[in-house]
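Colleague: Structure below; questions to follow.
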Amino acid sequence: MTQVHLKINNMNVTAEAGDTILQAAQKAGIHIPTLCYLKDINKSGACRVCLVEVKKARSLLSACTTPVSEGQEVFTNSERAIEGRRNTVELIMSNHNKNCLSCKRNQNCELQRLCEELGIRDNHFEGEHTASTIDDFSNGIVRDTSKCVLCGRCIETCKKVQGLGILGFENRGFRTIVAPVYNRSFADVDCMQCGQCINACPVGALTEKESLSDVINALNDPNKTVVVQTAPAVRAALGEEFGMPIGTPVTGKMAAALRRCGFDRVYDTNFGADLTIMEEGTELLSRIKNSGVLPMFTSCSPGWIKYIEYEYPDLLPHLSTSKSPHMMFGAIVKSYWAKKKGIDPKDIYVVSIMPCIAKKSEIVIPENKTQDYADVDKVLTTRECARLIKMFGIDFEELPDEEFDPDLLGDYTGAAVIFGTTGGVMEAALRTVKQTLDGKKLEKVDFQACRGMEGVKEAEIDLNGTKIWIAIASSMTATKPLLEDVRAGKSKYTFIEIMGCPGGCINGGGQPIIPSRIKNGKIGYGYKEMRMKALYSEDERQEIRVSSDNPQIQQLYKEYLQEPGSEIAEELLHTSYTAHKRFNIFDK
Ligand code: SF4
Ligand code: SF4
Ligand code: SF4
């Protein structure tokens, strides 16, 4: 790679040809503020916050779009550069709803941080505001245009990560807003509710739909037994909301905090994950044995389910019919557990703490309702869970580590924990399927080929003499070529794990939002790997690491479900899917 020598703030800096001034400065540890810039996603230079002065250039230049050149002299902190930046941010603020105190992004807002960094204290340009829209009709996402800074990060994220174009700029000039086409609601377009646009948004313009008040009402209702379950990925990220380093596993503190919030039972969705493997693994074996529809796709990710229902409805027979782990868990709580405890299921309120926005929609899908009442009553995201803990005045960092409640649904295996990362469901399924087919204890439970952050991974696996190809994909952009091959009848795979969010649930749309600049001055990338490690380390610490070895799962089948795929298991733990027509802009 050709090297380029330049000076930034009179310091000699060496960059690579093709680098932008922003990249060169970051590599040299020099901070240039940004707003619309999002690494690998958005680099339009539209917001003009990263303005720098370059010797001999007539005007200030945006550092995120200007390439470095030999002998260039850049000043990031000259009076002119700072003044230019301040004017830009003040202009953004002049058309912004500055209601920070009640904003969900208060204290984790890139605009707030910019105002602080630039010492903005007055509003020199205060004037008329663009008419605003609040869209809170969908189950998962709220859009408030009065807080939008028109950075375009959400638009590019939806396009580049999910291959969808749900969001775009609407109207022109001062009336410009960011919205689904025709300023429709998220509820009326083919949005998969993955929430990746929320995590890309630097401000409070896109947020999750909060369900805290419903959960608090249930906690205060003396007639309700409130059961909480936590998804595997939550433990790898919840600590970040309390200032703990990225990737700190907080399983024990999370259980302790939820108990102190007043939940009557604190369980782990991991039990549901082990159950999912029993049902999904059996379904896979049956499809292989009986020449069923292959490849089989995993069905844990509700964002992915929504995507396939709209974008590839012809491939729905490839989807496993197994419900996702928290839905299975809810169904078992309100049937088997309720009977054993002598509680009327109508008096049980199940709350799922999830890293996911789409789970908020999943719980109300009619096909998922197998009993007279909802299997899961409410979903809180990891971020909402942190808000609940803070609201209840619990000093999270000081909590002792506690266990989940042990009775009936309390055991879980290492296989269940890794459901939270891309490749985890596949690895968990392979452990159980291989052990079942081999008819002996697995000596080596790790399937390294399933691990890592690549968009698509594949491997050939030997199942007791039968070789099968498996694939793992996360994000719809990575998944699409696999689906095209299946549609064209040229897929070599038998089993494909698909997750809606890049990296899997650890990077779900409900997880803590990583500020684009973290404490040590480095851009907050690598966070997915850090969270992933937290899950693999918990897997390694588990005594039992194969789902079918979970003694409480075995007890559940013995006492209630009989065997995977039985009539009652089908009724409670399986679902069906509906083909939807793609949204057409001419459908008014
Ligand atoms: S988006 Fe940021 S600046 Fe705007 S109201 Fe919310 S916290 Fe304040
Ligand atoms: S939730 Fe996902 S699919 Fe919907 S607009 Fe946002 S990024 Fe696109
Ligand atoms: S909604 Fe958020 S990410 Fe999208 S343009 Fe507005 S501020 Fe940027």
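The values are calculated or read from the model by the stated rules, or taken from the named source; none is laboratory data. Predicted model, so just to flag it, every value in this text is computed and none were measured. No Cβ is skipped: glycine too gets one built from the backbone with ideal geometry, and neighbour counts run over all protein chains shown. In case anyone asks, the SASA skips ligands and DNA or RNA and just uses the protein heavy atoms, side chains included. Shrake-Rupley method; radii C 1.70, N 1.55, O 1.52, S 1.80 Å.
Colleague: Take the alpha carbon gyration tensor of segment 388-535, find the square roots of its eigenvalues, order them as a ≥ b ≥ c, and report rounded if a/c is under 1.5; if not, report prolate when a/b exceeds b/c, else oblate.
Modeller: Numbers: a/c = 2.48, a/b = 1.37, b/c = 1.81.
Verdict is oblate for segment 388-535.
Colleague: In degrees between 0 and 90, to the nearest 10, how far off the longest principal axis of the chain does helix 270-289 point, with axes built from Cα atoms?
Modeller: Computed tilt is about 70 degrees.
Colleague: In segment 154-202, which trypsin sites (Lys or Arg not before Pro) fall in coil by DSSP and have 12 or fewer other Cβ atoms within 10 Å?
Modeller: Listed in order of number, the matching sites are 172.
Colleague: For the residue pair residue 373 and residue 187, what label-to-label distance in nm results when each label sits 7 Å from Cα along the Cα-to-beta-carbon direction?
Modeller: The two pseudo-label positions are separated by 2.5 nm.
Colleague: Below 8 Å between Cα atoms, with a sequence gap of 6+, how large is the relative contact order for the chain in percent?
Modeller: On the way: 1144 pairs, mean separation 90.9, N = 588.
Contact order relative to length: 15 percent.
Colleague: Tally the DSSP beta bridges in the chain and give the antiparallel ones as a percent, rounded to 5.
Modeller: Values: 31 of 55 bridges.
If we restrict to bridges inside the chain, about 55 percent are antiparallel.
Colleague: Within segment 142-173, whose backbone N sits under 15 Å from a point 7 Å along Cα→Cβ of residue 99?
Modeller: Hits in segment 142-173 for residue 99 at 15 Å: 142-148.
Colleague: Something else: Which cross-chain or sequence-distant (5 or more) residues have an amide H under 5 Å from the amide H of residue 580, H modelled 1.01 Å from N in plane?
Modeller: 310
Colleague: If you don't mind, another one. Compute the helix-to-body angle for 476-487: its Cα long axis versus the longest principal axis of the chain, expressed 0 to 90° and rounded to tens.
Modeller: The answer is roughly 50 degrees.
Colleague: Moving to a separate point now. If you roll a 1.4 Å probe over the heavy atoms of the protein chains, what accessible area per residue do you get for segment 130-208, in Å²? Walk me through the intermediate numbers first.
Modeller: Values: 2780 Å² over 79 residues.
Per residue, segment 130-208 has an accessible area of 35 Å².
Colleague: Amide H neighbours of residue 499 under 5 Å, counting only residues 5+ apart in sequence or on other chains, H built in-plane at 1.01 Å?
Modeller: 473, 474, 475
Colleague: Ok, one more. Quick one: length gained pulling residue 340 to residue 91 fully straight, 0.36 nm per residue minus the C-alpha distance?
Modeller: Roughly 83.4 nm would be gained on extension.
Colleague: Tell me, what HN-Hα J-couplings in whole Hz come from the Karplus equation 6.51 cos²θ - 1.76 cosθ + 1.60 at θ = phi - 60° for each residue of segment 249-257, using x for Gly and Pro?
Modeller: x, 10, 3, x, 5, 5, 4, 5, 5
Colleague: Whole-Hz Karplus ³J(HN,Hα) for segment 188-204, in order, using 6.51 cos²θ - 1.76 cosθ + 1.60 and θ = phi - 60°, x for Gly and Pro?
Modeller: So the J values, rounded to whole Hz, are 10, 10, 7, 5, 7, 6, 6, x, 5, 5, 5, 5, 7, 6, x, 10, x.
Colleague: How far is helix 424-438 tilted, in degrees, relative to the longest principal axis of the Cα atoms in the chain, given as a value from 0 to 90 rounded to the nearest 10?
Modeller: 30
Colleague: Would you mind telling me the share, in percent, of accessible area of the chain contributed by carbon and sulfur at probe 1.4 angstrom?
Modeller: Details: 12000 of 24160 Å².
In the chain, the share of accessible area belonging to carbon and sulfur is 50 percent.
Colleague: Whole number in Å², please: accessible area per residue of segment 213-573, 1.4 Å probe, ligands, DNA and RNA not counted.
Modeller: I get 36 Å² per residue for segment 213-573.
Colleague: How large is the helix-only mean residue ellipticity at 222 nm for the chain, computed as the sum of -39500 (n - 2.57) over DSSP H runs with n ≥ 4, divided by its residue count, in deg cm²/dmol to the nearest 500?
Modeller: So the calculated ellipticity at 222 nm is -9000 deg cm²/dmol.
Colleague: While we're here: Work out the FRET efficiency for residue 176 and residue 107 from their Cβ-Cβ distance, taking R0 = 41 Å, and round it to the nearest 0.05.
Modeller: Working: r = 28 Å, r/R0 = 0.68.
Step by step, r from the Cβ atoms, then E = 0.90.
Colleague: Just the C-alpha atoms of the chain: what Rg/Rh do they give, with Rh taken as the Kirkwood radius?
Modeller: 0.99
Colleague: Turning to a different aspect of this structure: At a Förster distance of 51 Å, what's the computed FRET efficiency of residue 11 paired with residue 567, Cβ-Cβ distance as r, to 0.05?
Modeller: 0.10
Colleague: Which aspartates and glutamates, if any, have their Cα less than 14 Å from the Cα of residue 334, not counting same-chain residues under 8 positions apart?
Modeller: Leaving aside aspartates and glutamates fewer than 8 places away in the same chain, those within reach of residue 334 are 344, 347, 372, 375, 377, 571.
Colleague: Could you give me the ³J(HN,Hα) list for segment 50-63, computed from phi with Karplus coefficients 6.51, -1.76, 1.60 and θ = phi - 60°, whole Hz, x at Gly and Pro?
Modeller: Values per residue, Gly and Pro as x: 8, 4, 9, 9, 10, 4, 6, 7, 6, 10, 5, 10, 7, 5 Hz.
Colleague: Turning to a different aspect of this structure: Calculate the spin-label point distance for residue 129 paired with residue 387, positioning each point 7 Å from the Cα along the beta-carbon direction, and give it in nanometres.
Modeller: The answer from the label model is 1.9 nm.
Colleague: Place a point 7 Å from the Cα of residue 492 along the Cα-to-Cβ direction; which residues of segment 434-476 have their backbone N under 17 Å from it?
Modeller: It comes to 449-450, 456-463, 466-473, nothing else.
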